[in-house]
Amino acid sequence: MFSSCINFYSFKPLKMLRSIGQGVTRLLPVVCPTTHMAKAAVRVIEGRSVTKLLYEVRRIQWITTCKTMRCEVAEEEEEGEGEKKEDNIPPEKNRRQIIPVETSIKYMQSDAYKTTYGDEPVWVKYRRNFKGGLPPTKTRKTCIRDGILATGNPCPVCRDEFLVVEYRNLELIKQFISPFNGAVLPPLKTNICQKQHRRLLVAVNKARDYGLLTYDVPHRHYDYSEYYQPQQQDDTTEAGR
Amino acid sequence: MAAAAMRSFSVVGSGIHRFLGLTGRCLDLECITSIRRCSNTSYTTYNDRDPAPLFFEDEVQVVLQRVTGMDIDRIFRRRQQEKKSTPPKYQFLTNEEVDEYMSEARVKAESLLQMPPVLKERQPINNILETNTSLQAHHTDKYVFADITFGVSDRNRTILNRTILVRETDGTLRSAWWEERDRINQTYNPRPGRNVVMPKLFNDENLKSALARQEYEFVLDRVCAQCEPDSSVYQRVCVCVYDALDTHHHHNTLYSTRHYGPMCFYLAWNKRIDSLLVSLIQEEKINTASDIVYLYQLIHKDCKSAKLNIEHTQHVEFIKGYIEEDCLQRAQVQLALQCYQDLQHQRQQHQHNVTNAHGL
């Protein structure tokens, strides 16, 4: 079981090719083709006029036969790739780590939050960048792409990794509800990205469903005649007619 | 691969469970068990005697409306209705015009204070109209036939449901169950504040945490908007709320709201007006306290204190009559009444001293 580097030639059967570089749909690796076939195929490709090509040859290098070595190589390759990817992310832009809601709730009570935001909602001191006098009618789609901050001026929620918009985080959610009419503030006012705004709407509706957030329920009027008629013995509530 | 298969199985399982929970009778069973969890032994829903004839009596309605009170600031507080708010208008008016506006406001206040009806809990519907075995393999889903005529009220609307039960292979035409009726009514006749799916607030845990935060009015408003007054969910939630109110002596939170009347009726029905009386006497609302005792006598017409024939307008004597005969927590009510009488006496004495000092 020694490792050996063999140059494999993979052959793909093709019916007709107009030119040399046409698309390859599937490569069928062939183990150890005979040299004359390889040479023949290569010769065909190198030729100028190609009317009928039987095989398209691609040269694959550095594939070992030994299983164990292959696994190790695979691991090393993956680790190498992973390290490279994470090395490239600056720590202040890294949003790969998921922060639990409980941490966010604690953060809202902490001194760090107090010194950063004071008593105001988190969106008040944020300044949105745009050209011209009037802002675009929609905020950006999302600040975080593939777990990394993809913008230079992220929205008030995305810029602080410890602000988690969830139905249990009432302190944060209440900041995005208007104190005048109880509605969720529009994203043009709060300047949060569209993705966070949708998450906020879900969180607000869920909190109201669980009864964590109260609101003024619309008044329901009852027509007493539907519920009780003193003349009849039975109620008019009998259904199933 | 095995793990993936397990996950998919559980999703399907929960789907079926949810489906059954919405359409099946197990909903009623959940309600019955949760009553035991949530309330004391003597608190039950209206499932024996029908309270409606008593509740809708003129005398009882008058007493309940009087007891509810009319605190204008409380009734017309600023409500957040998610609409664009307008600044208030200031007008110069004559006295007659002011009186006109005030009477209009009083009419509107009375409509806002309309009490939700107190009814007996509704029984499950078991009405099969037709059993047609020729339809048995025709379709795999239920068909619902609903009368969507404009102007037909939700309570009188005909909703039929043709089923083919998966286990029994017959096509029966039956009336829809109460839960199905509620969902269909909301689908075809949507009302503000009502959802197709029951809010999670009415589950035990969430209800308890809401009541621990003393959001009694919100919970009652929500359940009025969502459910019918004779549904099991409505009755169970109301029982939980009244139970919590009574335990913590927070009756005052519902004062001058539409829920105060039904709460007093419920407490009087279950012979548990003592803590309410104590809190009213401590707030020096002797008129209201005597009204509550009068309500108790109207509901339980054969109680001992009614036979004493004391005048209802002599509030203190009236309450004392109740304490001696029918009261269950005599010591507390007696003590409260005694404190009130001492306080009144002290005030009178103080006034007398002041007038003497002024030489009058």
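Multiplying the residue separation of residue B:86 and residue B:248 by 0.36 nm and removing their Cα-Cα distance gives an extension gain of 54.4 nm. Between the residues A:135, A:117, A:164, the greatest Cα displacement towards the positive end of the dipole of segment A:101-209, with unit charges on the Cβ of Lys, Arg, Asp and Glu, is found for A:135.
Taking the Cα centre as origin and putting +1 on Lys and Arg beta-carbons and -1 on Asp and Glu beta-carbons, what dipole magnitude results for segment A:101-209, to the nearest 20 debye? Taking the Cα centre of segment A:101-209 as origin, the dipole is about 580 debye. Note on residue A:159 and residue A:106: the model spin-label points, each 7 Å out from Cα along the C-beta direction, lie 2.6 nm apart. Pairs from the table (A:174/B:89; B:83/B:208; B:84/B:200; A:174/A:206; B:120/B:271) lying more than 24 angstrom apart at Cα are A:174/B:89; B:83/B:208; B:84/B:200.
Each of residue A:229 and residue B:360 was given a label point 7 Å from its Cα along the Cα-to-Cβ line. The distance between the two points is 6.1 nm. The residue A:130 and residue B:108 beta-carbon pair, evaluated with R₀ = 51 Å, returns a calculated FRET efficiency of approximately 0.65.
Each residue of segment A:109-123 is assigned a 3J(HN,Hα), and the resulting list reads 9, 7, 5, 4, 5, 5, 5, 6, 10, x, 9, 7, x, 5, 8 Hz, derived from the Karplus form 6.51 cos²θ - 1.76 cosθ + 1.60 (θ = phi - 60°), x at Gly and Pro. At the listed q of 0.14, 0.16, 0.28 Å⁻¹, the Debye profile of segment B:221-275, built from one uniform point per Cα, gives log10 I(q)/I(0) equal to -0.35, -0.46, -1.30. In this rough spin-label picture, where each label sits 7 Å from Cα along the Cβ direction, the residue B:325-residue A:94 distance is 8.1 nm. The H on the amide N of residue B:129, modeled in the peptide plane, is under 5 Å from the matching H of B:173, B:174, B:175, each at least 5 residues off or on a different chain.
Return the average number of partner chain Cβ atoms within 10 angstrom of each residue Cβ along peptide B:175-185. Display every interim value, and only then the final one.
Numbers: counts 3, 2, 2, 1, 0, 0, 2, 0, 0, 0, 0.
Rounded to a whole number, the mean comes out at 1.
Applying the criteria of a DSSP loop state and at most 15 other Cβ atoms within 10 Å to the GluC sites (Glu not before Pro) of segment B:73-118 yields B:82. Net charge dipole, chain B: roughly 1280 debye, given to the nearest 20, about the Cα centre with Cβ charges of +1 for Lys and Arg and -1 for Asp and Glu. Once the chain from residue B:127 to residue B:101 is taken as fully extended at 0.36 nm per residue, the excess over their C-alpha distance is 4.2 nm. Look at the stretch A:221-231: the mean tally of other chain Cβ atoms within 10 Å of its residues' Cβ atoms is 5.
Grab the other residues whose beta carbon is less than 14 angstrom from that of residue A:100, score K and R as +1, D and E as -1, and report the net.
-1
As a ratio to 2.2 N^0.38 Å, the alpha-carbon radius of gyration for chain B is 1.28. A Förster radius of 60 Å combined with the Cβ-Cβ distance from residue A:150 to residue B:346 puts the calculated FRET efficiency at roughly 0.20. Dipole magnitude for segment B:200-349: about 80 debye, using +1 per Lys or Arg Cβ and -1 per Asp or Glu Cβ, origin at the Cα centre.
Looking at segment B:292-360, the GluC sites (Glu not before Pro) that sit in a DSSP loop and have at most 10 other Cβ atoms within 10 Å of their own Cβ are B:311. Peptide B:188-198 is shielded by partner chain Cβ atoms: per residue, an average of 2 of them sit within 10 Å of its Cβ. Using Cα-only point scatterers and the Debye equation, what is log10 of I(q)/I(0) for segment B:200-349 at each q in 0.16, 0.20 Å⁻¹, rounded to two decimals? Taking Cα atoms of segment B:200-349 as identical point scatterers yields -0.88, -1.18.
To the nearest 0.05, what FRET efficiency results for residue B:76 and residue A:137 with a Förster distance of 30 Å applied to their C-beta separation?
0.20
Among the trypsin sites (Lys or Arg not before Pro) within segment A:125-221, those in coil by DSSP and having at most 13 neighbouring Cβ atoms inside 10 Å are A:125, A:127, A:131, A:138, A:141.
Think of chain B as having a plus end and a minus end, set by charges on the Cβ of Lys, Arg, Asp and Glu; of B:277, B:186, B:102, B:186 sits farthest toward the positive end of this dipole.
No lab work stands behind these numbers, since they all come straight from the coordinates. Note that the coordinates shown come from a computational prediction; the quantities given were computed from them, not determined experimentally. Glycine gets a Cβ as well: all are built from the backbone with ideal geometry, and neighbour counts include every protein chain shown.
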